[in-house]
Structures are given as structure tokens and as C-alpha cells.
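Student: Provided herewith is a single structure, encoded as C-alpha cells, for subsequent inquiry.
Each reported figure results from applying straightforward, stated rules to the coordinates on display, with no laboratory input. Model, not experiment: these values are computed from the prediction. FYI the Cβ positions are ideal-geometry reconstructions off the backbone, even for glycines, and counts take in every protein chain you see.
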Amino acid sequence: MKKAISRLVNEFQKCQRNFNLEKVVPEDTAKWLLDIGYTTPTKQNLDTFEIVCVRDRDIIKKFVKAATNSPEESQDMSPSLKEMLKEGRTQNPQIDANLLFLFFIKRKQRKSKMREEREKGKPSTKYYYKATTNLEIGLSASAIGIAAHSIGMKTGFCRCIDHDALPEILLPYNINKYDLEVMLGVGYPLFKDHTKNTDGKYYSERYKKIIPRKLII
């Protein structure tokens with residue numbers, strides 16, 4: 001059991017950059033993953049973030065286009081990345097997946113009555129609230145990712161977001177695109193090699209994993 005879990009987490013660590021988009025993820029699987037994402041711990045058990053699962057391929061493509069450095073950040077791109085984008089390749093193909101999970105921070109919760117009642121004090125600062133909520137989002141996204149790997153799916157995270165380029169499709173749901181914190185692609189692999197793009201071209205290999213100290217005091 002321990003070895004099986006270790007293998008599962010090790011696979012989750014890899015960023016999958018190719019997906020078999022001819023396969024369709026059942027809706028009940030998407031709902032199951034959402035249920036998992038919403039049952040992870042949060043400070044005071046408060047509702048601090050929202051998860052949106054996108055199955056529609058046309059909508060996913062719009063987010064893929066915005067999964068890139070902002071114009072200001074693009075000036076600092078490496079020459080190899082600039083050359084890659086000139087070729088028309090996607091900067092972050094890991095979210096061009098069968099499912100796309102979007103994690104939004106709920107900024108209004110910082111001053112909610114429920115938070116005030118449970119914490120019995122002044123609202124958290126904007127910095128503290130965002131830092132704490134991003135930690136909670138990380139727990140949620142990791143749970144979704146590991147659960148997905150347990151049923152043979154693969155995943156890839158993306159934090160490169162040009163918020164100005166994001167589509168406005170979530171406005172009817174009262175979700176502000178500028179509150180998007182991270183994206184997670186989930187789907188069925190096209191190639192066993194996770195570093196291959198869907199077009200068969202390779203992305204850079206990850207640096208050799210640093211082995212941390214296993215410090216138990």
C-alpha cells in the first residue's frame with residue numbers, strides 16, 4: 001500500500017503536456033473530483049475559494065490562450081521560449097486537457113460576518129487572507145490531482161495567467177476573472193512520455209529532483 005501511494009504521488013508530480021482529447025470524461029467523474037476539491041481543510045472551515053470545472057473544449061481553448069506570461073513578463077522570457085512561441089506552440093499545453101479546473105479566491109469572504117463570528121476579531125489583512133487562501137487552494141488542487149491519478153488520469157498545473165486575456169464567460173456566475181489563482185489540467189494521456197506536446201515535440205525536461213532531508217525530530 002505504501003509503495004502504491006508513493007508511486008501515485010510521484011506520478012502526480014509530473015506535468016503532463018499531452019492529452020487524448022478524443023476521450024470524454026464522464027460528468028459524474030468531474031463531479032466526483034469537485035466533491036474531493038471542496039472537502040479539503042480551510043481555515044475555520046470557511047468557504048474561501050471557488051472551483052470551476054470546464055469540460056467544453058471551445059471554452060478550454062480560450063483559457064489556454066491566456067495561459068501565458070503577461071505582456072510585462074513576456075519581456076523577460078528566455079530566448080528558447082520566445083522561439084517556441086514563434087513556432088505557434090502553446091506555452092502551457094498542460095491545461096489543454098480533457099478537463100480544466102479553475103481555482104478562484106473569494107475576496108469578499110475576508111470581511112464576511114461568518115468569518116468575524118468564528119475568528120472573533122478584525123478581518124485578516126489582504127496579504128494574509130490571500131496567502132492563506134492560496135495555501136487552501138493548493139491543498140484542494142492537490143487532492144483533485146492525486147484522486148485523478150488514482151483512476152488513470154494525468155495532470156498539469158499552470159500559474160502563468162494573463163488575466164487581461166481571460167474570457168469573460170464567468171461573469172454571469174458572478175465570478176471575477178481577476179480572482180483566478182491557478183489552473184489544473186486533468187485528462188487522459190496521449191503519450192506515455194509526459195514531456196511531449198500533443199504535436200509530438202518535446203518540452204524541456206525538469207531539473208533533477210533535489211532529494212530533501214527527511215528530518216524527524
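Student: Within the chain, what is the longest stretch that has no GluC sites (Glu not before Pro) placed in a DSSP loop and near at most 10 other beta-carbon atoms within 10 Å?
Tutor: Working: sites that count: Glu22, Glu87, Glu168, Glu205.
Longest run free of exposed loop sites: 88-167.
Student: Given Lys43/Lys154; Lys62/Lys196; Lys106/Lys214; Lys23/Lys62, which pairs have Cα atoms separated by over 26 Å? Walk me through the intermediate numbers first.
Tutor: Numbers: Lys43/Lys154 29 Å; Lys62/Lys196 22 Å; Lys106/Lys214 36 Å; Lys23/Lys62 20 Å.
Beyond 26 Å between Cα atoms: Lys43/Lys154; Lys106/Lys214.
Student: Taking the Cα centre of the chain as origin and charging only Cβ (+1 Lys, Arg; -1 Asp, Glu), how large is the dipole, in debye to the nearest 20?
Tutor: Working: 39 positive and 27 negative charges, 188 e Å.
Its charge dipole is roughly 900 debye.
Student: Within segment 102-135, report the trypsin sites (Lys or Arg not before Pro) that DSSP leaves as loop and that have at most 13 other Cβ atoms within 10 Å. Provide the component values of the computation, followed by the final result.
Tutor: Values: sites: Lys106, Arg107, Lys108, Arg110, Lys111, Lys113, Arg115, Arg118, Lys120, Lys126, Lys130; in loops: Lys106, Lys120.
In loop regions of segment 102-135 (DSSP not H, G, I, E or B), the sparsely surrounded trypsin sites (Lys or Arg not before Pro) are Lys120.
Student: Is any helix in the chain, taking whole DSSP H runs, at least 24 angstrom long along its axis by alpha carbon and on average at least -0.5 on the Kyte-Doolittle scale, and which ones? All intermediate terms of the calculation are to be shown ahead of the outcome.
Tutor: Values: long enough: 126-150 (36 Å, 0.14).
Counting only whole DSSP H runs, the qualifying helices are 126-150.
Student: Rounded to the nearest 500, what is the 222 nm mean residue ellipticity of the chain from helices alone, with -39500 (n - 2.57) per DSSP H run of 4+ residues and division by all residues? Could the numbers behind the result be given before it?
Tutor: Values: 7 runs with 76 residues, N = 217.
One gets -10500 deg cm²/dmol as the mean residue ellipticity at 222 nm.
Student: Over the chain, what number does the Rg to Rh ratio reach, with both radii from the alpha-carbon atoms and Rh per Kirkwood?
Tutor: Values: Rg = 18.4 Å, Rh = 18.8 Å.
Taking Rg over the Kirkwood Rh, I get 0.98.
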